[in-house]
Structure formats: C-alpha cells, structure tokens
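One structure below.
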Amino acid sequence: MSGRISMGLPRRGLMLMAGAAGVALAAPSRLLAAAPKGADLADVRAAIERQRPQAIKRLQDWIALPSIAAEGRNAQEGVSYMAELLRDAGFQSAAIIQTDGRPGVFGVMDNGAPRTVGMYFMYDVKQFDPSEWSSPPLEARIVERPGLGKVLIGRGAVNQKGPEATFLAALHALKAAGRKPPVNIVLVAEGEEEIGSPHFPQIVRRPEVLGALKKCHEVWMPFAAQTPSGGVEIDLGAKGLIEVELVCTTKAWGRGAVDDIHSSYKAELDSPVWRLVKALSTLVSEDGNDPAIDGWFENVKPLTPRQRELVAEEVTHTSEADRKKFLGIQKWVRDLPYRDALERLASQPTVNIEGMYAGYTGPGGKTVLPSKAVAKLDLRLVPDQTAAEAERKLKAHLAKRGYGDISVNVTGGYDPTQTEESSPLIQASLEVYRRAGLDVGLSPRLAGSWPGYIFTGAPVSLPAGHFGFGHGGRQHAPDEYYVIEAEHPKLRGMAGATEGYVEFLYALAAK
C-alpha cells in the first residue's frame, strides 16, 4: 500500500509444487490453539489442513497477475480476477464498479448472521524491476529464509495479496467444513491504493455500497501483523497522505531554453533543475527533518496522555536493536533516544522526496542543460490535518515564494484515521491475539497510510483497522516476502494465519 508497513517486528505436512520446484512443508505444531471460547472448530481445522496446497496455489496465481495502477497495467484483468476470487470464496455477489480511474469490486456475503462486518481489499501492487530481485517477482517461489522459515517471494506477497488470500482461504475452509461464517460480510476492493486511492470514494459512496456499509459495525482489512518472533502491535489509526509531483519547466517559468540544450550554455541560461532544488529546500527545515510549509502545523493534534503512554509501553516490550536490525537503521533522526524516535513516528507529519529526475540519467555523462525537472513527494498527515488542506497549503507556500510556475500535481491522497481503543474491533483483536499467548502492544497510529478515512469519516463513521497473524516484509522493495512456514513457535505461517481469521470472525460475531 502507500507506505503501509508494520513494525510490528511490525505449516504444512503436504508436498506442494512452487513453480517447477517441489517444496516440502512441515505440519504446524499448533492448530486453533486460541479457538473462540466454547467453539469446536476441529472440522474447520481439518479443512485448512486439506486445502493447504490449493490455498498457496491461489496466492501464487494471484501474484502472477500484477495490477499496477501507476503503469496502467492489468486494471480490467485484475478487477475481474478479484471478483472471481470473492465468488469462489462464497460471496453471493461481487459486482465490478467502474470509476473515473481503475475499477473496484463490491461484494456481499449474507450468512443470515445477526452481525455484519465490513472489509477492505486492494488488488493492485507496486511497480517492480525484475533485475533487482533474487527470485522472479511474478513466480511466487517458496524459498528458505534463515530466521523466518519458508517464505514466498513475489510482488504483492505481503502487500497485500498474501494476507487477503489467507483470509479467503479461511472462507474456503469454513465452506468445506459445511459451515457458514458467523458474520455477514460487506467487502469493498479497489485497484488504486498504491497511487493514493484517488477514486475510491466513487466506489464507497455509491448508494448501494454506502447502504450496505451502514449495516456494518466495523471495517477491517487482513494484515500480517506479527513480528518475526511472533509479537504483534495493534494500530489505533493511521497517518494520512498526499502523493504529489512537482514539475518545473523552462516553458512555464519563461526562462532558459525551451528544450534541452548543451550544458556549456549554462553560463548564460537559467536551470529549472536548480530552481526545483531551491523550491524543495523551502519545504523543510535545514536538516530536512521537519516540514516548514506555511501553516503546516496549524491543525496538528498532539498525542494525548494515553497515546504517549502507549508509546512508552511499546518501548518496554520491543527491542530497539531488533527494530534497527530489521529495518537496516543506523541512527535515529538527530540521534534521538528510542522513545523520542517512536513519539516522532506517531505524532509528526512528514515531507519526503520519493525520487527526482531531470535530463540524462544513463551511464556515463551527457553534457546537457535540462529543460524540465520533476520531484515525486509524499507528505504524511496526522490528525487533524486533511489532504485538501495539505494540497492548498503546499501550493500557497510555493506561490508566496515566487514558485507559482512549478506545477503541483496531486496524484492521490486521503485524511488520517483514528479508532477508539474501546471499540469492539480493537477489543476482539486483543482477545484473539492474547488467547494465542502473544505479546500484544497498542500503538497510537500506523506511520504508514491506508484509505481508512473513508470508513472512519462521515458518512460511514465506523471503527476501522487491521487484523491478522503471520509476517511478511520488504513491501514496495525487491524480494517482498510472506511467511508460509514459520521457524519461531509463536509466529504463524499461512495455515496458522488462516486459522486466526476464523477465530477473529467468531470473536467479532460475539460482540
């Protein structure tokens, strides 16, 4: 997702074929150890065991069909496949909804249950360069990873097809056991999350979709929330986001040459690249670590005493050294102590340059004076900022300093989210994780982003968040992975995570 990460440090006895290679996977030592109170799920457990090869094959096939919104790749194929996956899992309806961008899916599963829950899926993934991967990104091979176990490597493996396919496996297992899920499900899926969900409101705010969501008690998305050692963190919200391109051209500026020209002419001509660099430097503090956009902190809500308490608790139940090692971190910003770094992560908006390009970037030199420069930024937002406010203030800031000719193209974005700790969604999550004997922490909010605002804000106005066992990593990066068979006894592989989703549905049904 758009920066959706877990820190969080955010089982099989059958033979399965992974691509052309057979991989033997050992059976889990623990099945439904945390089954809902009074529930006998032995039949579901047996179905999960029988269906392991099909569940992994389903995930591998899905990874083989990448839908990439940024590249306009496989939009219709991806949405059709998403709808087919829902129907196969037991949804009575899975309607494709066209938007001004990529289409979405609206699925309904009526199980005659007293309680209805909402769910969010995404079927799109980030771009990839196969040359950067140790295993082909669309083959979804299963390989041994020291310290983790057997992992499936592929684009979308954990963000977000792995957890979603695992949830679908839970529905297949319930169906195979002759059971109906204990809740009704309303599901909305989109194909533009990785570009900031610009058209997702067109899906959710359709009358039939909004009407169905109004019957729900909460909205959640599947998520591989465990650390490599099995611990888990529940996020009580998420930062908002806008993704933006700043484009500086000689033509719009009215200076320099209208096309690229030999660099020797720099002595008498202006450069849009240097102009963009100067403009970018006004957006942040001298060290680049604090936003300096005019009025940026006007609506920033500080952490509450309870939220600061949650950060303090996180410090006590997580390892700073393990966190640094997992993420490859050398130093925290400004050499802050661990707790201060975590408070910044939860509380501070950010201005980040994702990438820049101008002129020639190939091998060797090419003495050119470019006529255009582009910077791609993402700006993370915290309560009570809004995406609309962020766009307005960014444009005003640049214009005030004489950079009004630099175009500001917002490609997507959404507001921050917040969900109450006391909500049934969070309490059900805590119950299931704790019954499994896991070390569970609460976090004020996820530093990454997802379009949960569409559910927590009006007119839907429901608690929204994430749940799931399992672990994966390297989202948006080469060698993205999802754990299939875990080394650590408290970390669940795909089969154990499948069981966890069954447990969670029963926990929600009891609320």
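Per-structure values
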read-out	value
Residues (touching a Phe, Trp or Tyr at 6+ places or on another chain (Cβ under 8 Å) and either assigned to a helix (DSSP H, G or I) or outside the structural domain of PRO451 (by TED's automatic domain parsing) (or both)) located in the stretch 71-128	GLY78, VAL79, TYR81, MET82, LEU85
Qualifying residue in the stretch 362-375 (condition: charged (D, E, K, R), surrounded by fewer than 22 Cβ atoms within 10 Å (Cβ to Cβ), outside any strand (DSSP E or B) and assigned by TED's automatic domain parsing to the domain that holds ASN289)	yes
Helices (runs of 4 or more DSSP H) contained entirely in the stretch 198-299, each with at least 2 residues that are touching a helix residue (DSSP H, G or I) at 6+ places or on another chain (Cβ under 8 Å) and farther than 30 Å from VAL108 by Cα	250-253, 272-281
Per-region count, the stretch 205-246, residues aliphatic (A, V, I, L, M), closer than 30 Å to LYS376 by Cα and in contact with a Ser or Thr (Cβ under 9 Å, 6 or more places away or on another chain)	8
Tally, over the stretch 418-442, of residues that are surrounded by fewer than 24 Cβ atoms within 10 Å (Cβ to Cβ), more than 18 Å from MET119 (Cβ to Cβ) and hydroxyl-bearing (Ser, Thr, Tyr)	1
Residue satisfying all of: in the stretch 102-143; surrounded by 23 or more Cβ atoms within 10 Å (Cβ to Cβ) and of a type in the set (D, E, K, R); farthest from GLY211 (Cα to Cα) among these	ASP124
So LEU171, is it touching a Pro at 6+ places or on another chain (Cβ under 8 Å) and farther than 30 Å from GLU71 by Cα	yes
Test for ILE48: is it in contact with a Ser or Thr (Cβ under 9 Å, 6 or more places away or on another chain), in a helix (DSSP H, G or I) and among the aliphatic types (A, V, I, L, M)	yes
Residue that is modelled with the lowest pLDDT [pool: residues in the stretch 181-197 that are over 22 Å from ASN111 (Cα atoms) and crowded, with 22+ Cβ neighbours inside 10 Å]	GLY196
Unique residue being touching a Pro at 6+ places or on another chain (Cβ under 7 Å) and under 30 Å from TYR414 (Cα atoms) when the list is VAL311, VAL244, VAL277, VAL315	VAL311
Enumeration of residues in the stretch 302-323 that are of a type in the set (Lys, Arg) and in contact with a helix residue (DSSP H, G or I) (Cβ under 9 Å, 6 or more places away or on another chain)	ARG308, ARG323
Sole residue being surrounded by 24 or more Cβ atoms within 10 Å (Cβ to Cβ) and more than 16 Å from PHE121 (Cβ to Cβ), chosen from ALA177, ALA173	ALA173
Any chance ARG334 is within 20 Å of GLY441 (Cβ to Cβ), in a helix (DSSP H, G or I), at pLDDT 95 or above and outside the structural domain of LEU398 (by TED's automatic domain parsing)	no
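Let's see how each residue does on (1) modelled with pLDDT under 95; (2) among the charged types (D, E, K, R); (3) out of contact with any Leu (no Cβ under 8 Å at 6 or more places or on another chain):
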position	(1), (2), (3)
VAL108	no, no, no
PRO114	no, no, yes
SER134	no, no, yes
ARG141	no, yes, no
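The values are calculated or read from the model by the stated rules, or taken from the named source; none is laboratory data. As the structure is a prediction and not an experimental result, all values here were calculated from the model. Cβ: placed from backbone, ideal geometry, glycine included. Neighbour counts: every protein chain shown.
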